[in-house]
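Beneath this line is the structure, given in C-alpha cells, with notes to follow.
The values are calculated or read from the model by the stated rules, or taken from the named source; none is laboratory data. All values reported here derive from a predicted model rather than from experimental measurement. For neighbour counting, all protein chains shown are included, and Cβ atoms are generated from backbone atoms with ideal geometry for every residue, glycine included.
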C-alpha cells in the first residue's frame, strides 16, 4: 500500500495510523495526548494533518493523524498553511490554558506564538485534559483517577467513593506518562506522596534500591501471576543471584 506524504510516495502497512507513519518518516509534529501504551483518543487535536486524493479534485480536509488509518492513494501534508494556521490556533488556546507548561511553550514558539492572544486561565495548572493519566491508570487496572466536574471546572482527580480494589497504589504510572508534568508528586528515602496520598516505600535488601509501594508491588505481583516474594528484590539483585547459580552449575 502506498500514500504520498509531504510530496514523497512511501510504503505503508494496512491498519497503520497516519501518526505512526509520520513519526517513522522522522517528521516531527505535536501529539501531546498520544502515548504508545494506550489507545489514541485525539483529545489535543495537535497532530492534525491535511489529506486529499486525486479524485477529490482539489478538495481536502483536516484529520487527527493519531486516529486516521492509512488508505491507498492518500495524499497527506503535515505542515501545509491550513495545518500550520490551525495548529497555531490550538497551541494559542493551550498556552492560555497552561501558560507554565514547558512543552506547550516550546511548540507555541515553533509556530510563532510567544504570548497567548486569549485570556489566561485563572489559577492555571499544567493539565491539558489529554486523559493519558486516566487511560494509563485504567490500563494498569486501578481506575483510581478520572475527570471530575463539568465545563471549565473539569479536572482530573481522585473520584469519591472508590472501592478498595480501585484505589491509587502510588505507582507513578500516571505522573511518568503525563506530557506536561501536571501531576505533582514527591518522594524521600522512605515515603512517596501523590494525589494527596502518602505511601511507604519498600527497598531491596540487597541493593537498597526503591522497589515501590507495598500496594504497587502487591498489585503487579497479582496481575503478573507471580509470587509476591519475587518483588522483594530488585532486578539487579535477581540477575546477580541468577549469575551466581549459573557459575555453580558450570
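When the residues of the stretch 139-151 are filtered to those that are in contact (Cβ under 8 Å) with a residue 40 or more places away in the chain and surrounded by fewer than 18 Cβ atoms within 10 Å (Cβ to Cβ), the one that is farthest from residue 174 (Cα to Cα) is 141.
For the structure I just gave you, tell me whether residue 208 is in a loop (DSSP other than H, G, I, E, B), at positive phi and surrounded by fewer than 14 Cβ atoms within 10 Å (Cβ to Cβ). Considered against the rule, which asks whether it is in a loop (DSSP other than H, G, I, E, B), at positive phi and surrounded by fewer than 14 Cβ atoms within 10 Å (Cβ to Cβ), residue 208 comes out as yes. Among the residues making up the stretch 71-121, those that are out of contact with any helix residue (DSSP H, G or I) (no Cβ under 9 Å at 6 or more places or on another chain) and in a loop (DSSP other than H, G, I, E, B) are 71, 72, 80, 100.
Report yes if residue 156 is touching a helix residue (DSSP H, G or I) at 6+ places or on another chain (Cβ under 7 Å), modelled with pLDDT under 95 and surrounded by 14 or more Cβ atoms within 10 Å (Cβ to Cβ), otherwise no. Spelling it out, residue 156 is indeed touching a helix residue (DSSP H, G or I) at 6+ places or on another chain (Cβ under 7 Å), modelled with pLDDT under 95 and surrounded by 14 or more Cβ atoms within 10 Å (Cβ to Cβ).
The lone criterion from (1) within 24 Å of residue 8 (Cβ to Cβ); (2) in contact (Cβ under 8 Å) with a residue 12 or more places away in the chain left unmet by residue 93 is number (1). The listed residues are 85, 123, and the only one of them that is loosely packed, with under 15 Cβ neighbours inside 10 Å and at positive phi turns out to be 123. Go through the residues of the stretch 70-80 one by one and say whether even a single one is crowded, with 20+ Cβ neighbours inside 10 Å, in the same structural domain as residue 27 (by TED's automatic domain parsing) and within 23 Å of the chain's Cα centre (by Cα). Yes: one or more hits.
Of all residues being surrounded by 14 or more Cβ atoms within 10 Å (Cβ to Cβ) and free of Cβ contacts under 8 Å to residues at least 40 places away in the same chain in the stretch 186-195, which is nearest to residue 100 (Cα to Cα)? Just the residue, please.
Just the residues of the stretch 186-195 that are surrounded by 14 or more Cβ atoms within 10 Å (Cβ to Cβ), to begin with: 187, 192-195.
Next cut, free of Cβ contacts under 8 Å to residues at least 40 places away in the same chain only: 187, 192-194.
Details: 187: 23, 192: 25, 193: 22, 194: 20 Å.
Only one residue tops the list, namely 194.
Go over the candidates 187, 161 one by one and state the one that is at pLDDT below 90 and out of contact with any helix residue (DSSP H, G or I) (no Cβ under 8 Å at 6 or more places or on another chain). Of the residues listed, the single one that is at pLDDT below 90 and out of contact with any helix residue (DSSP H, G or I) (no Cβ under 8 Å at 6 or more places or on another chain) is 161. Quick one: in the stretch 1-35, of everything that is touching a helix residue (DSSP H, G or I) at 6+ places or on another chain (Cβ under 8 Å) and not in a loop (DSSP other than H, G, I, E, B), which residue is nearest to residue 49 (Cα to Cα)? The extreme case among them is 5. Of everything listed in (1) under 20 Å from the mean Cα position of the chain (by Cα); (2) not in a loop (DSSP other than H, G, I, E, B), the single unmet condition for residue 127 is (2). Remark: pairs (first residue in the stretch 8-19, touching a residue at least 24 places away in the same chain (Cβ under 8 Å); second residue in a helix (DSSP H, G or I) and surrounded by 10 or more Cβ atoms within 10 Å (Cβ to Cβ); Cβ separation under 7 Å; 6+ apart in sequence or on different chains) = 12/21.
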